[in-house]
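The values are calculated or read from the model by the stated rules, or taken from the named source; none is laboratory data. Only a predicted model underlies this, so the values are computations on that prediction, with no experimental measurement involved. Neighbour counts are summed over all protein chains in view; Cβ atoms, including those assigned to glycine, are modelled from backbone coordinates with ideal geometry.
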Amino acid sequence: MIKGFLFDLDGVIVETAIFHYQAWRKMANDLGFDISEEFNESLKGVSRMDSLNLILQHGNVMLSEEEKLILAAKKNEHYLTLVSQMTSDDILPGVKDFFEQIKKTDIKIALGSVSKNAKMILEGVGLINDFDAIIDGTKISNGKPDPEVFLKGAEELGLQANECLVFEDAVAGVEAGKRAGMKVIGIGHENVLTQADLVLKSFENINLSDLLSKIL
Ligand code: G6P
Ligand code: MG
C-alpha cells in the first residue's frame, strides 16, 4: 500500500530548469562556448558539481578543482538572483490542487531533490509547510541516479521503500526511484521517461484515487 509520496522539485513542483539553463549558459559563454537547450535536458536532476563537470567536458575546458568551485559558486549566485523572483504563481499547473487532494488522505509528502536551494525555493513559492520531510542536496552525498535521496525520504517518513511513490521529471531521477525499489510516476514524455511505471504530462486535472488505482 502506498503511504508516502516523494516529490522531486525542479520540473515537478516548479519550473526552474530555464533558470539553471540561463545561469549555466552565461558561464559557458564566458568560457567561450555555448550549450544548447537539448544539452540542458541531460543536466536535469544532476547535481551542481556533476552538471559543471559535464558542461566543462562538453566545452573541452580543463580546470582545477579550486577554479571549478569558484565557477559553481558564481553560477549559483546568478541562479539565486533569478529564482528569488519566484512566487506562488510559479507553482506548476495542478500541483496545488493535487496537494489538497493528498491532504485529505493519510498519505505523507516528502521532497526528494538534489538541489541545495530547495528549501529557499519552497519558501519563496509558499509550499514549505506542506512537506512532512524535506531531503535536499544538503542532506545527501550522492546525486541522482543514486537512490540515496529517495531512500532517505522514505526513512524520514518512517516508511518502507515499497510504500513510497516517486514523482520525477528527469531520466536520472526516474532511475533513482526505480533503484530505490519504488514505483515512479514520470512527469513529462513517455518516450523520454521510459523507465517510469506511468507518465503524466502534468498534474493538471489529475484525480488522486484514479491515479492510485492505475499504479497499484
Ligand atoms: C536539480 C536540477 C538540476 C540541478 C540540481 C542541483 O536536480 O534539476 O538541474 O543542477 O538540482 O541544484 P542546485 O540548486 O543545488 O544547484
Ligand atoms: Mg527535476
| message | If a residue must be among the basic types (Lys, Arg) and either outside any helix (DSSP H, G or I) or touching a Lys or Arg at 6+ places or on another chain (Cβ under 7 Å) (or both), how many such residues does the stretch 166-184 contain? | response | 1
| query | If you check 28, 23, which single one turns out to be in contact with a His (Cβ under 6 Å, 6 or more places away or on another chain), more than 24 Å from residue 164 (Cβ to Cβ) and not assigned by TED's automatic domain parsing to the domain that holds residue 133? | reply | 23
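For every residue, the table says whether it meets (1) in contact (Cβ under 8 Å) with a residue 60 or more places away in the chain; (2) in contact with a Cys (Cβ under 6 Å, 6 or more places away or on another chain); (3) surrounded by fewer than 22 Cβ atoms within 10 Å (Cβ to Cβ).
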{"residue": "118", "(1), (2), (3)": "yes, no, no"}
{"residue": "154", "(1), (2), (3)": "yes, yes, no"}
{"residue": "160", "(1), (2), (3)": "no, no, yes"}
{"residue": "164", "(1), (2), (3)": "yes, no, no"}
{"residue": "175", "(1), (2), (3)": "no, no, yes"}
{"residue": "187", "(1), (2), (3)": "yes, no, no"}
{"residue": "200", "(1), (2), (3)": "no, no, yes"}
{"residue": "206", "(1), (2), (3)": "yes, no, yes"}
{"residue": "210", "(1), (2), (3)": "no, no, yes"}
| note | Taking the stretch 165-182 and keeping residues away from ligand 1 (no atom under 16 Å from the Cβ) and touching a helix residue (DSSP H, G or I) at 6+ places or on another chain (Cβ under 8 Å) leaves 165, 181, 182
| query | If you scan the stretch 185-211, which residues turn out to be in a helix (DSSP H, G or I) and either in contact with a Phe, Trp or Tyr (Cβ under 8 Å, 6 or more places away or on another chain) or within 15 Å of ligand 2 (Cβ to nearest atom) (or both)? | reply | 208
| task | Pairs only if they're at least six apart or on different chains, beta carbon under 7 angstrom, first in the stretch 128-141 and acidic (Asp, Glu), second within 11 Å of ligand 1 (Cβ to nearest atom); list them, first residue then second. | result | 136/113; 136/115; 136/116; 136/118; 136/119
| query | Among the helices (runs of 4 or more DSSP H) contained in the stretch 12-116, which hold 3 or more residues that are away from ligand 1 (no atom under 14 Å from the Cβ) and in contact with a Gly (Cβ under 6 Å, 6 or more places away or on another chain)? | reply | none
| query | Exactly one of (1) under 17 Å from residue 19 (Cβ atoms); (2) of a type outside the set (A, V, I, L, M, F, W, C); (3) loosely packed, with under 14 Cβ neighbours inside 10 Å is unmet by residue 47. Its number? | reply | (3)
| query | Could you say whether any residue in the stretch 86-98 is of a type in the set (Val, Ile, Thr), surrounded by 14 or more Cβ atoms within 10 Å (Cβ to Cβ) and within 30 Å of residue 133 (Cβ to Cβ)? | reply | yes
